[in-house]
Amino acid sequence: MIKITLPDGSVREFSESITVMDVAKDISEGFARNVISAKFNNTIVETSTELTTDGNLVLFTWRDNEGKQAFRHSTSHVLAQALEELYPGVKLSIGPAIDNGFYYDVDLGDQTISEKDFQAIEGKMLEIARGKHEFKMRSVSKSDALAKYKKEGNEYKLELIENLEDGTITFCDHDTFTDLCRGGHIPNTGLIKAVKIMSVAGAYWRGDEKNKQLTRVYGTSFPKQKELKEYLELLEEAKKRDHRKLGKELGFFTFSQKVGQGLPLWLPKGAALRERLENFLKKAQKKAGYEMVVTPHIGQKELYVTSGHYAKYGEDSFQPINTPAEGEEFLLKPMNCPHHCEIYNSAPWSYRDLPIRYAEFGTVYRYEQSGELHGLTRVRGFTQDDAHIFCTPDQLDEEFKKVIDLVLYVFGSLGFENFTAQVSLRDPDNPEKYIGDVENWEKAENAIISAAKDKGLDYVIETGEAAFYGPKLDFMVKDALGRSWQLGTIQVDYNLPERFDLEYKGSDNEMHRPIMIHRAPFGSMERFIAILLEHTAGNFPLWLMPEQVIVLSISEKYEKYAEKVLNLLENNEIRALADHRNETMGKKIREAEMKKIPYIVIVGEQEEKNNTISVRKHGGEDIGAINIDEFTDIITKEINRTLKPFNG
């Protein structure tokens, strides 16, 4: 008998070897029709794979990320076949699935692909897909695999095969097409109903600019045309919400080639926005017992050698700064934590003093490659809302949970309601990626899992995603367009206290190592503001808006009354401005709408006579004529609804 264990713990027994699809049908014929991929004993397999031993089976549909990966990877094979038929002599290299799609890197020789060719490629792909060709895996000896691609003159596949061990090489066949592939496909091409070629770009073979530049063809695919249409509409909405576009329109930030790539310049409105976010978190942190510190933008190279950052991130840092003193080298700081360790080390501590909580909005620098820079989400200089807690082992659980409370408070105040927590653990198969001993890693990992459970978080475990010095709890937030972002992180670290020889005197009068918690609810100010811009489309919560109210006078006769209204609003700590320009009221309202100003106040003869204001909300809702006290009450209630005080 073969025993197959499903994710819910149930076990199904079969008297002889069966396929993955047979198991799916045994569960339900209706369910089986939706199964497109599977994982058996933690290895991705085909639905046609024969199961001959006991094991754990997970079945995937289009609704699962793994199912989408298999679907898009399978479509990349169809794209490769279409390119071979449309561009004779094309040489294929690699074609993986990526987020929301796939690509294939190809050597076209003297041929080219441009946007005008996309429709023909899509048509050929759909023609192939309609054939409902099965994807079939087969093992191939290394010698046969090499012989095939030597005959074709494909140096890219030959290089890939040379690095594979004999007995591990597989090909995937469908229709008349064959490709070197490790597996992970849908049952047949007929499931692919909608395809779209998104773009073409240059890509160096194996990412090395010394190698030949290939043509990378990007695409996406769906099981229904309707889903493709919705996805393309979502992309259009994403373009409208692009933080680079909104940031420019709203006057938040700019970049200068003279200043340098990836180094944002914050304009007055953007600087004020940052300051409000910083003050919001500082206020909550003060209640939570944090103390603010300030550290320099540079540090001696030896500081980061001690911490391990130089060994891990030296290549991604700016080059050392050499001073006139012989052998003296400084680095632009890539991390704040080594500096905070040295602040802790500046005084003796007792167990009675702990926990110590240091917080800093510290600017750090990483030399990101120019091709990877992207607006505010990938920059070379950014400010982290960093903090480090030094605590005893007995305090770790409580301190970690308090940080979770702070992160949840930040999300709730800024409208991020849809999120999951990710427990990021080390990869036990690659111990060289990490520092510290296994025992401390296990303690740290168990502490994070325990805290996540106790706080009732919806969490997943991801192996291999830990920082080099410790495991972490990352918060994966979905924005208004359903895109997932990593925002907020909490890390448990036994290693830096060891490296920096941090100590405190315990109740036993012996010296002990503190445990260090790293945390950053925003992550970085730059990236957080970019994501918040795209999530809200610039319509921030009222408490955060640069300008909450604009006062429009119908004509210059009512400018004095408009100024009186403006002063009353400002006296109530409402951020307001007046527009007295000699323009039509329609134009002034349109421009106020474009600036995303939440409330438009209009004053004229009737308003002045009755000592009232006419109020309109951003988006067109007409509140009507009310007095100023009523209006300030509306604003206060709206702010209080979204910005509740942190209880610590």
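The values are calculated or read from the model by the stated rules, or taken from the named source; none is laboratory data. Everything quoted here is computed from the prediction, not taken from an experiment. We place every Cβ from the backbone using ideal geometry, glycine too, and count neighbours over all the protein chains shown.
Overview of values
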item: Meets criteria (in the same structural domain as N345 (by TED's automatic domain parsing) and either among the β-branched types (V, I, T) or over 26 Å from N640 (Cα atoms) (or both)) for G289; result: no
item: Cβ pairs under 8 Å, 6+ apart, first in the range 179-204 and closer than 13 Å to E134 by Cα and without any contact (Cβ under 8 Å) to a residue 40 or more places away in the chain, second part of a strand (DSSP E or B) and hydrophobic (A, V, I, L, M, F, W, C); result: none
item: Sole residue being under 22 Å from K401 (Cβ atoms) and among the aliphatic types (A, V, I, L, M), chosen from A520, A480; result: A520
item: Residue within the range 129-151 that is within 11 Å of L79 (Cβ to Cβ) and either in contact (Cβ under 8 Å) with a residue 24 or more places away in the chain or surrounded by fewer than 12 Cβ atoms within 10 Å (Cβ to Cβ) (or both) present; result: yes
item: Residue in the range 591-600 that is over 30 Å from H374 (Cα atoms), modelled with pLDDT of 95 or more, β-branched (V, I, T) and outside any loop (DSSP other than H, G, I, E, B) present; result: yes
item: Unmet requirement for S37, which otherwise passes all of (1) under 21 Å from T220 (Cβ atoms); (2) assigned by TED's automatic domain parsing to the domain that holds T178; (3) among the small types (G, A, S); result: (2)
item: Verdict on I94 being out of contact with any Gly (no Cβ under 8 Å at 6 or more places or on another chain), under 27 Å from V217 (Cβ atoms) and aliphatic (A, V, I, L, M); result: yes
item: Qualifying residue in the range 347-355 (condition: modelled with pLDDT of 95 or more, assigned to a loop (DSSP other than H, G, I, E, B), in contact with a Gly (Cβ under 7 Å, 6 or more places away or on another chain) and in the same structural domain as N446 (by TED's automatic domain parsing)); result: yes
item: Matching residues, the range 27-61, being small (G, A, S), free of Cβ contacts under 8 Å to residues at least 60 places away in the same chain and in a strand (DSSP E or B); result: A38, G55
item: Hits in the range 421-446 - residues which are assigned to a helix (DSSP H, G or I) and out of contact with any Leu (no Cβ under 8 Å at 6 or more places or on another chain); result: P431, E432, K433, V438, E439, N440, W441, E442, K443, A444, N446
item: Residue satisfying all of: in the range 578-597; of a type in the set (A, V, I, L, M, F, W, C) and more than 12 Å from R616 (Cα to Cα); surrounded by the most Cβ atoms within 10 Å (Cβ to Cβ) among these; result: A578
item: Options L277, L281, L214, L250; residue that is surrounded by 17 or more Cβ atoms within 10 Å (Cβ to Cβ), among the hydrophobic types (A, V, I, L, M, F, W, C) and over 28 Å from A530 (Cα atoms); result: L214
item: Count - residues of the range 537-572 that are surrounded by fewer than 19 Cβ atoms within 10 Å (Cβ to Cβ) and either in contact with a His (Cβ under 7 Å, 6 or more places away or on another chain) or not aliphatic (A, V, I, L, M) (or both); result: 15
item: Number of the condition not met by R72 [criteria: (1) under 28 Å from the mean Cα position of the chain (by Cα); (2) of a type in the set (D, E, K, R); (3) not in a helix (DSSP H, G or I)]; result: (3)
item: Neighbours by Cβ (under 6 Å, 6+ apart or cross-chain): first from the range 502-528, over 30 Å from A284 (Cβ atoms); second surrounded by fewer than 17 Cβ atoms within 10 Å (Cβ to Cβ) and among the acidic types (D, E); result: M511/E503
item: Check on Y156, surrounded by 13 or more Cβ atoms within 10 Å (Cβ to Cβ), hydroxyl-bearing (S, T, Y) and touching a Phe, Trp or Tyr at 6+ places or on another chain (Cβ under 7 Å); result: yes
item: Qualifying position, being at pLDDT below 95 and in a loop (DSSP other than H, G, I, E, B), among G619, G624, G586; result: G619
item: Check on T75, surrounded by fewer than 24 Cβ atoms within 10 Å (Cβ to Cβ) and of a type in the set (S, T, Y); result: no
item: Residue that is within 30 Å of M545 (Cβ to Cβ), of a type outside the set (D, E, K, R), modelled with pLDDT under 90 and surrounded by 14 or more Cβ atoms within 10 Å (Cβ to Cβ), where the choices are A421, A480; result: A480
item: Members of the range 289-320 that are among the polar types (S, T, N, Q) and outside any helix (DSSP H, G or I); result: T295, Q300, S317, Q319
item: Candidate set from the range 40-72 (those that are among the basic types (K, R) and modelled with pLDDT of 95 or more); member that is surrounded by the most Cβ atoms within 10 Å (Cβ to Cβ); result: R72
item: Unique match (being over 23 Å from K637 (Cα atoms) and either of a type outside the set (V, I, T) or assigned by TED's automatic domain parsing to the domain that holds I613 (or both)) among E547, E583; result: E583
item: Residue match in the range 497-505 (condition: touching a helix residue (DSSP H, G or I) at 6+ places or on another chain (Cβ under 7 Å) and at pLDDT 95 or above); result: yes
item: Looking only at the range 242-284, and only at residues there that are of a type in the set (K, R) and assigned by TED's automatic domain parsing to the domain that holds T383, the one that is farthest from the chain's Cα centre (by Cα); result: K258
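Okay, residues lined up against (1) assigned to a strand (DSSP E or B); (2) aromatic (F, W, Y); (3) modelled with pLDDT under 90:
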position	(1), (2), (3)
V403	no, no, no
L406	no, no, no
E417	no, no, yes
I448	no, no, no
A451	no, no, no
L457	no, no, no
L473	yes, no, no
